[in-house]
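Encoded as structure tokens, the structure appears first; notes follow it.
The values are calculated or read from the model by the stated rules, or taken from the named source; none is laboratory data. For clarity, every value in this text was computed on a predicted model and none was experimentally measured. Here the Cβ is made from the backbone with ideal geometry for all residues, glycine too, and neighbour counts use every protein chain on show.
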């Protein structure tokens, strides 16, 4: 069971979603429709939760029969709970939605998360800025599935910088992905016409001067580019990859 929380201070809670509704009511008692259970590790049982301000505990098995139920309403995404209402603070602490639908406002934690986000953004922008031209084209093929011969390098750099700013962690993962070159090469093979889709991207065919055979079928719901890349990395496809790469 969780340790007792420190309820000697006023606390503020906020909804996790960025676009919080003007008014949000949190379930306050265990029902079949809204199960509010907390698993007590020491006792090995699930304990039902219920918020009643006139009680000394948020657990039903520790409350008497004279409960006064009150709604818990987040206004504009926030809920303030003074230290004079320790039962509500405890109820929110044990609530199954704590950390999912709402969380306690923690300035230090939020500042740390913001610093981490800003550092990732800076790292991503620096990495995007320092890309060589061939890397810019390679990443553009992977990120945007774009024919880079029809777009200026400045436009490609701009789009990559915007992507890095908006999705810094994802961008850094892509830049550091060892399969990036392979994915870019596959995109270029389609762009140059050495590989071709048929039957609404359900089939991939070789399309070289000496080979017009079918390479593979794309499984339903799978990403065709990922399937082709995976095949060309396999023992069966590696020789084909070497030959196709020479054509480029």
Any residue in the stretch 114-133 that is under 23 Å from residue 245 (Cα atoms) and surrounded by 14 or more Cβ atoms within 10 Å (Cβ to Cβ)? yes
Given the conditions (1) modelled with pLDDT of 90 or more; (2) closer than 27 Å to residue 136 by Cβ; (3) more than 29 Å from the chain's Cα centre (by Cα), report the number of the one that residue 227 does not fulfil. (3)
Considering only the stretch 8-118, give the strands (runs of 3 or more DSSP E) lying wholly within it that have at least 1 residues that are over 30 Å from residue 170 (Cβ atoms). 11-15, 23-26, 37-40, 45-48, 72-75, 78-81
So the helices (runs of 4 or more DSSP H) completely within the stretch 143-248 holding 3 or more residues that are under 30 Å from residue 123 (Cα atoms) and in contact with a helix residue (DSSP H, G or I) (Cβ under 9 Å, 6 or more places away or on another chain) are 153-166, 168-175, 180-192, 224-233
